[in-house]
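Contents: one structure, followed by commentary.
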Amino acid sequence: MNPTVELRPETDHKRLIAWRREVVGEVFGITPDTDTSELMAANERFYTKHIADGSHIALVASVDGHDAGCGAVCFQEELPSPDNPTGICAYLMNIYVRPPFRKQGVATAIVKRLTAIASDRRAGKIYLETTGMARRMYASAGFSEMDGMMILTRRPSSQSESSEIRTTKR
């Protein structure tokens, strides 16, 4: 039998940054001695803006009084369409369970609560990225693979790339 998982909203930036550092280390293989100060400062700015405006909601899961995992949902809008008439999109992120608490229903509880929050906000689409380890759990929560999606990943460069549309008179 799985233990009781308690979920609580988390808005304290210091605790969120500690969780984020742990998640980034686990997912990206970044060691504790790696300087992530710029990345964490960017995360701090993100939390400051998006927690305040309600577009980011973070949860921490506890089992028997011990912090076991975390997760968050971010909201954004797109043009309303037949497959998303509200135009509201939710993106689940930072879902992580510490190794001693895995396979005990913690991630499932986090995902269930976050998708309920997204549904309460009338999100017509809920997205996430996953590792192979969590794919089965997400599928059991109702998520499916997406066809027709691609990603262009860019790293900021020292020289700014112009995104302006230039026009010339003829």
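Number of residues in segment 91-108 that are part of a strand (DSSP E or B) and closer than 11 Å to Gly71 by Cβ equals 6. Examine segment 100-112 for a residue that is free of Cβ contacts under 8 Å to residues at least 60 places away in the same chain, crowded, with 18+ Cβ neighbours inside 10 Å and within 26 Å of Arg155 (Cα to Cα), and state whether such a residue exists. Scanning segment 100-112 turns up no residue that is free of Cβ contacts under 8 Å to residues at least 60 places away in the same chain, crowded, with 18+ Cβ neighbours inside 10 Å and within 26 Å of Arg155 (Cα to Cα). Given the condition open to solvent by 20 Å² or more (accessible area, probe 1.4 Å), more than 22 Å from Leu114 (Cβ to Cβ), in contact with a Ser or Thr (Cβ under 9 Å, 6 or more places away or on another chain) and free of Cβ contacts under 8 Å to residues at least 24 places away in the same chain, answer yes or no: does some residue in segment 35-43 qualify? No, every residue in segment 35-43 fails to be open to solvent by 20 Å² or more (accessible area, probe 1.4 Å), more than 22 Å from Leu114 (Cβ to Cβ), in contact with a Ser or Thr (Cβ under 9 Å, 6 or more places away or on another chain) and free of Cβ contacts under 8 Å to residues at least 24 places away in the same chain.
Answer with yes or no whether Ile95 is touching a Cys at 6+ places or on another chain (Cβ under 8 Å), β-branched (Val, Ile, Thr) and free of Cβ contacts under 8 Å to residues at least 60 places away in the same chain. In short, yes. Taking segment 45-77 as the range and being without any contact (Cβ under 8 Å) to a residue 40 or more places away in the chain and of a type in the set (D, E, K, R) as the test, the residues that pass are Arg45, Lys49, Asp53, Asp67, Glu77.
Screening Phe28 against (1) at pLDDT 95 or above; (2) open to solvent by 20 Å² or more (accessible area, probe 1.4 Å); (3) of a type in the set (Phe, Trp, Tyr) leaves a single unmet condition, (1). For segment 150-158, the condition of being open to solvent by less than 70 Å² (accessible area, probe 1.4 Å), out of contact with any Lys or Arg (no Cβ under 7 Å at 6 or more places or on another chain), at pLDDT 95 or above and not aliphatic (A, V, I, L, M) holds for none of the residues. On inspection, Phe75 fails the criterion of being under 16 Å from Ala134 (Cβ atoms), at pLDDT 95 or above and hydrophobic (A, V, I, L, M, F, W, C). The residue that is nearest to Asn2 (Cα to Cα), counting only those in segment 74-90 that are open to solvent by 70 Å² or more (accessible area, probe 1.4 Å) and in a strand (DSSP E or B), is Gln76.
For Ile165, the conditions (1) part of a loop (DSSP other than H, G, I, E, B); (2) among the hydrophobic types (A, V, I, L, M, F, W, C); (3) at pLDDT 80 or above are fulfilled apart from (3). Tell me yes or no: at least one residue of segment 52-68 is part of a strand (DSSP E or B) and in contact with a His (Cβ under 6 Å, 6 or more places away or on another chain). So far as segment 52-68 goes, yes, one or more of its residues are part of a strand (DSSP E or B) and in contact with a His (Cβ under 6 Å, 6 or more places away or on another chain).
The values are calculated or read from the model by the stated rules, or taken from the named source; none is laboratory data. Note that the structure is a prediction, hence the values are computed from the model and not measured. Don't worry about glycine lacking a Cβ; one is built from the backbone with ideal geometry, like all the others, and counts go over all protein chains shown. Protein only, heavy atoms only, side chains kept; ligands, DNA and RNA dropped before computing areas. Shrake-Rupley method; radii C 1.70, N 1.55, O 1.52, S 1.80 Å.
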